[in-house]
Amino acid sequence: MTHPVSLKDHLAGALADTGSARAAAAETVLALSGAALDIARLLDDGPLAGNLAEVVAEESHGDAQKFLDRHTNDVIIEALQAAPVAWLGSEEMEHPLAMAADGTVVVAVDPLDGSSNIDTDAPVGTIFSILPMPSARVTDPLAAFLRQGTEQVAAGYVIYGPHVALVLTMGQGTQRFILDRARGEFVLQCERVAIPPHTSEYAINASNYRHWDDPVRQYVEDCLRGEEGPRGLNFNTRWLGSMVGDAYRIMARGGIYLYPADARAGYARGRLRLLYEANPIAWLVEQAGGAATDGAARILEILPTELHERVPLVFGSRIEVERIRDVYVAARFEGENSPLFGPRSLFRGAMRQE
Ligand code: F6P
């Protein structure tokens with residue numbers, strides 16, 4: 001049997017590039033993987049470790065903060081003390097936290113994605129995005145965070161499910177590592193994650209149907225009509241309520257995830273956060289051959305204006321994401337009630353033949 005490649009082995013090349021942002025990012029990824037081990041151990045105990053889902057505070061941006069949200073944030077702050085991180089931005093903290101004065105990267109993190117699932121034994125995760133510090137020492141840390149996702153130097157997430165996995169990219173494909181509990185470290189399981197371009201599986205919270213705009217309703221209605229509809233194909237739905245879980249499935253067998261903007265108060269820009277949810281997932285997905293948009297525009301090219309900014313998010317199998325983009329772009333030009341989108345229109349007929 002060949003010797004497994006550990007995360008540290010995998011990062012050896014980047015770590016050896018002393019002084020570079022890649023080396024700092026690799027060191028930071030290792031520190032985050034240490035935090036993930038601690039979090040995984042706690043999750044193993046579930047309710048035996050206490051009421052992990054207890055609401056402990058209301059965050060400034062509205063969501064309830066649960067014990068595990070706060071705890072995972074503390075574990076990450078602790079783990080990053082020894083890493084070359086200048087600032088930490090987190091879903092759980094209103095403002096960036098100053099870390100090492102000589103740090104050369106900044107980290108944006110969602111310490112616990114899917115916190116509505118804490119007490120359901122469904123997967124939850126930790127998502128992170130690492131950006132290089134701008135060369136001139138910035139006095140306003142926000143300037144270090146408010147950059148396009150294309151500038152990320154590393155991005156990934158850990159999923160705490162029946163097995164614990166780390167999905168990582170540093171721009172050379174997307175790799176999947178599995179936590180080997182006996183060794184106490186992540187080992188490489190897939191060198192090149194590849195998302196199939198086509199799919200017949202979609203993930204969306206359909207209870208929001210009445211709040212969606214026309215392109216999203218149209219897309220889902222077409223899927224629901226199956227073989228008899230314009231797609232000529234039966235679709236399946238999966239919705240975990242944890243984006244990390246849906247992303248993991250999509251990276252394993254294809255699919256599409258949608259959290260669009262909708263008409264509910266507070267959802268005009270969807271639900272997901274650009275800096276520490278959409279950007280890292282978008283880069284991982286693109287590096288695996290998929291696509292990620294806000295419906296129409298590429299996520300990685302959006303210039304953020306706020307640390308906790310939300311963004312509508314569509315990601316997954318490339319052809320399916322492009323189909324939605326085409327519907328949005330056409331709707332923008334033609335107006336939402338254009339006959340172009342009527343059931344017998346040329347446009348829909350053309351899509352059917354693809
Ligand atoms: O906040 C992010 C998130 O928890 C995702 O992990 C998940 O896909 C989504 O929100 C669930 O939202 P909802 O509860 O509206 O279905």
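Listed here are the residues, each with its yes/no results for (1) over 16 Å from Leu11 (Cα atoms); (2) open to solvent by 30 Å² or more (accessible area, probe 1.4 Å).
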position: Thr126; (1), (2): yes, no
position: Ile130; (1), (2): no, no
position: Ala154; (1), (2): no, no
position: Gly161; (1), (2): yes, no
position: Val167; (1), (2): no, no
position: Phe177; (1), (2): no, no
position: Asp180; (1), (2): yes, yes
position: Val187; (1), (2): no, no
For the stretch 204-233, which positions are within 16 Å of the ligand (Cβ to nearest atom) and free of Cβ contacts under 8 Å to residues at least 60 places away in the same chain?
Ile204, Asn205, Ala206, Ser207, Asn208, Tyr209, Arg210, His211, Trp212, Val220
Residue check: is Ala57 free of Cβ contacts under 8 Å to residues at least 40 places away in the same chain and open to solvent by 10 Å² or more (accessible area, probe 1.4 Å)?
yes
How about the stretch 87-106: which of its residues are touching a Ser or Thr at 6+ places or on another chain (Cβ under 7 Å) and under 11 Å from Ile130 (Cα atoms)?
Val105
Just the residues that are among the acidic types (Asp, Glu), away from the ligand (no atom under 16 Å from the Cβ) and under 14 Å from Ile39 (Cβ atoms), please, taken from the stretch 73-110.
Asp74, Glu78
In the stretch 13-53, residues that are part of a helix (DSSP H, G or I) and surrounded by fewer than 12 Cβ atoms within 10 Å (Cβ to Cβ) total 4
Sort through Arg238, Arg310 and tell me the only one that's of a type in the set (D, E, K, R), within 14 Å of the ligand (Cβ to nearest atom), under 27 Å from His163 (Cα atoms) and within 19 Å of the chain's Cα centre (by Cα).
Arg238
Inside the stretch 92-137, can you point out the residues that are β-branched (Val, Ile, Thr), within 14 Å of the chain's Cα centre (by Cα) and within 16 Å of Arg22 (Cα to Cα)?
Ile130
Please name all residue pairs, on different chains or six or more residues apart, with Cβ atoms under 6 Å, provided the first residue is in the stretch 106-123 and is more than 18 Å from Ser90 (Cβ to Cβ) and the second residue is away from the ligand (no atom under 12 Å from the Cβ) and part of a loop (DSSP other than H, G, I, E, B).
Asp119/Ala53; Pro123/Gly161
Among the listed residues Asp121, Asp69, Asp113, identify the single one that is in contact with a Gly (Cβ under 6 Å, 6 or more places away or on another chain), within 16 Å of the ligand (Cβ to nearest atom) and of a type in the set (D, E, K, R).
Asp113
Check off (1) more than 13 Å from the ligand (Cβ to nearest atom); (2) in contact with a helix residue (DSSP H, G or I) (Cβ under 6 Å, 6 or more places away or on another chain); (3) touching a residue at least 60 places away in the same chain (Cβ under 8 Å) for Gly171 and give me the number that stays unchecked.
(2)
Considering only the stretch 241-250, state which residues are more than 10 Å from the ligand (Cβ to nearest atom) and crowded, with 24+ Cβ neighbours inside 10 Å.
Ile250
Taking first residues from the stretch 253-269 that are over 14 Å from Met243 (Cβ atoms) and open to solvent by 20 Å² or more (accessible area, probe 1.4 Å) and second residues anywhere that are in a loop (DSSP other than H, G, I, E, B) and of a type in the set (A, V, I, L, M), the pairs with Cβ under 7 Å that are 6 or more apart or on different chains are Tyr267/Ala261; Ala268/Ala261; Arg269/Ala261; Arg269/Val311
Out of the stretch 189-239, which residues are in contact with a strand residue (DSSP E or B) (Cβ under 7 Å, 6 or more places away or on another chain), open to solvent by less than 50 Å² (accessible area, probe 1.4 Å) and not polar (S, T, N, Q)?
Cys190, Val193, Ile195, Glu201, Tyr202, Ala203, Ile204, Val216, Cys223, Phe235
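The values are calculated or read from the model by the stated rules, or taken from the named source; none is laboratory data. Computed from a predicted structure; not experimentally measured. Ideal geometry is used to build each Cβ from the backbone, glycine not excepted, and the neighbour counts take in all protein chains shown. SASA here: full protein model, heavy atoms, side chains in, ligands and nucleic acids out. Shrake-Rupley method; radii C 1.70, N 1.55, O 1.52, S 1.80 Å.
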